[in-house]
Each structure stands twice: as C-alpha cells, then as structure tokens.
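Asks: One structure coming up, written as structure tokens, with questions to follow.
Readers should treat all values here as calculations from the given coordinates under stated rules, not as data from a laboratory. All values derive from a computational prediction rather than experimental measurement. All Cβ positions, even for glycine, are placed from backbone atoms using ideal geometry, and neighbour counts span all protein chains on display.
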Amino acid sequence: MSPNRKKQTMTKSILFFAAILFAFGIIVILVMPDRNLFYLTPIFIGGLILLSALLSFNKELYMFSKHAATSISLLGFIATGGSWRSLFSWESMDAVKQHVAVVHSITALLCIVFMVYSVVMLRKERLLEEEEQNKK
C-alpha cells in the first residue's frame, strides 16, 4: 500500500472516530430526559479530534495532527475513565449522576479503542516508511 493511501486511511479513521463521538453526544442530548453540562463531553472531545483530522489534510501538519488525535484520545480516556468506579456504586447515586457515569464510561471506552487502533496504524505507517527508505 502506498504511503499516500495509508495517510488517507489514517485521516479517514480520525474523521470517522470524531463523527462517532459527535453522533454519540447528539444522541445522548436528544435521548436523556434531563439536561446536564457533562453530556457535552463526547462532543467536546470529538470536536478536538475533528480539528486534528482537518489539520491532517495539510501535508506539513500531517505528522503533528495524527499524533495530536491520538493524544486527545488518551486525554479523553483519562478525563472520562474515572466514571467506571461510579458504576459500582450505582444504588447510591441519583438518576442524573447515573446517566453521566454511563455517558462518560462509553466515551472512555470509545477513546481507548481509538487510541489502540491509532497506535497500531501509526506503527504500520512508520514500518512502511522505513521499508521504503531502505529500498532507496
């Protein structure tokens, strides 16, 4: 696979992940009966990753943007990953806190899945570049 095609694959993956987070955030806002500022977390993280994906269309910013998307995903996981502990004390929370804990847990899961996928793709891309340099 050519390096240009691999770059397009990575950019499409970043855009796809940002779209998933946006869609999840919008669904949460529309479905949840109560309003809470913490429901916007997936949209905020998705917006930062979308910005990174848009930067990846520029050749000079491609290396920065793909690593930025992975780092934002890691930060999203760290920011929302603590909600998993709340799921174990479910009975002692009110409904709003339960909803926030579920939204944050799903967001953390999405972020860690994207981060692992992104690291694997970055590694494949780097190996492909090294292979091409060795051929020259």
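Asks: Quickly estimate the mean residue ellipticity at 222 nm for the chain, helices only: each DSSP H run with n ≥ 4 gives -39500 (n - 2.57), and the total goes over all residues, rounded to 500.
Replies: After summing the helix terms and dividing by the residues of the chain, the value is -28000 deg cm²/dmol.
Asks: What is the helix-to-structure angle for 62-81, meaning the angle in degrees between its Cα long axis and the longest Cα principal axis of the chain, kept from 0 to 90 and rounded to the nearest 10?
Replies: That helix lies at roughly 20 degrees to the long axis.
Asks: Further, regarding this structure: If I model segment 58-120 as equal point scatterers sitting on the Cα atoms and use the Debye formula, what is log10 I(q)/I(0) at q = 0.12, 0.19 Å⁻¹?
Replies: Reported log10 I(q)/I(0), two decimals: -0.38, -0.69.
Asks: For the chain, what number of Lys pairs, 8 or more residues apart or on separate chains, have alpha-carbon atoms under 16 Å from each other?
Replies: So the count of such lysine pairs works out to 10.
Asks: Can you give the angle from 0 to 90° between the axis of helix 95-135 and the longest principal axis of the chain, with both taken from C-alpha atoms, to the nearest 10?
Replies: Value to nearest ten degrees: 10.
Asks: Same structure, new question: Of the trypsin sites (Lys or Arg not before Pro) in segment 1-82, which ones lie in a loop per DSSP and count no more than 13 other C-beta atoms within 10 Å?
Replies: Those that pass, being in a loop and sparsely packed, are Arg35, Lys59.
Asks: Determine the equivalent ellipsoid of segment 3-135 by diagonalising the alpha-carbon gyration tensor, then write out the semi-axes as square roots of 5 times the eigenvalues, largest first, rounded to whole Å.
Replies: They are 34, 15, 9 Å, listed from largest to smallest.
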